[in-house]
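Below is one structure, written out as structure tokens; comments come after it.
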Amino acid sequence: MKEEEFFVNTLLEFAEENLRSYPWRATDDPYRVLMAEIMLRRTRADQVEGVYNEFIKRYPTMEDLSRANEDDLREILETLGLVNRRLKMMHETVEEVGEKYGGNTPTNPEELKGIDELGDYIANATACFAANRRFPILDTNVRRLISRYFGISDQKKIAKKAQKLLPNSDYRTYNLALLDFPAVYCRPNPDCNNCTLNKACIYAN
């Protein structure tokens, strides 16, 4: 469908000059990507950046994290909120990865989803951003963008559409654009007049 091709191509063009720069986007280390995704859960990326840098400085590997003092971890994470939830996710990850994968963070979403608390989004994001694997990512902003552009409200249909839209290459770049495009144009109060998708967007028309 033309509107699907236009959607994907527009996002890839947006990515050429507009992707945001964060330290977890400059690594393909699955451990570091996964820790970033845990910190980014329901939290703005700008708020996470300083915490992430301090965390990686103290715990650069999974082995280092396995020896972390919980009070020290709590102190680092406290400004992000949801501290108990994040600590639980990290503890579960350390235990499962240590026992099942010899301390090496997997990049198979099914293996990652086997770790209690992680869920589809974190598993898919880690697989895509650490290993450039072809999996969709769906957070609130991505769902809003797809819902508005295609006029879809059913969550299962949005997920199905997200899978169908994945390009045949550039998965990582495309998914990063999916995260960053809504921050510029498709916010809760959208900037439809300047949005480069507006000519084919159902919401804008």
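The values are calculated or read from the model by the stated rules, or taken from the named source; none is laboratory data. Note that the coordinates shown come from a computational prediction; the quantities given were computed from them, not determined experimentally. Note that each Cβ is placed from the backbone with ideal geometry, even for glycine, and that neighbours are counted across all protein chains shown.
Structure values in brief
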quantity	calculated
Residue in region 56-74 that is among the hydroxyl-bearing types (Ser, Thr, Tyr), under 14 Å from the mean Cα position of the chain (by Cα), surrounded by fewer than 21 Cβ atoms within 10 Å (Cβ to Cβ) and in a helix (DSSP H, G or I) present	no
Given (1) out of contact with any Ser or Thr (no Cβ under 6 Å at 6 or more places or on another chain); (2) at pLDDT 95 or above, index of the condition residue 99 fails	(2)
Residue in region 118-129 that is among the aromatic types (Phe, Trp, Tyr), part of a loop (DSSP other than H, G, I, E, B) and either buried (at least 16 other Cβ atoms within 10 Å of the Cβ) or touching a His at 6+ places or on another chain (Cβ under 7 Å) (or both) present	no
Failed item in (1) part of a loop (DSSP other than H, G, I, E, B); (2) modelled with pLDDT of 95 or more, with residue 205 passing the rest	(2)
Number of positions in region 18-45 that are basic (Lys, Arg) and modelled with pLDDT of 95 or more	3
Any hit, region 78-96, residues being in contact (Cβ under 8 Å) with a residue 60 or more places away in the chain and in a helix (DSSP H, G or I)	no
Qualifying residues in region 75-106 (those that are hydroxyl-bearing (Ser, Thr, Tyr) and surrounded by fewer than 18 Cβ atoms within 10 Å (Cβ to Cβ)) - the one farthest from residue 44 (Cα to Cα)	101
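Residue-by-condition table, conditions (1) touching a Lys or Arg at 6+ places or on another chain (Cβ under 7 Å); (2) outside the structural domain of residue 63 (by TED's automatic domain parsing):
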{"residue": "6", "(1), (2)": "no, yes"}
{"residue": "9", "(1), (2)": "no, yes"}
{"residue": "13", "(1), (2)": "no, yes"}
{"residue": "34", "(1), (2)": "no, no"}
{"residue": "38", "(1), (2)": "yes, no"}
{"residue": "43", "(1), (2)": "no, no"}
{"residue": "46", "(1), (2)": "no, no"}
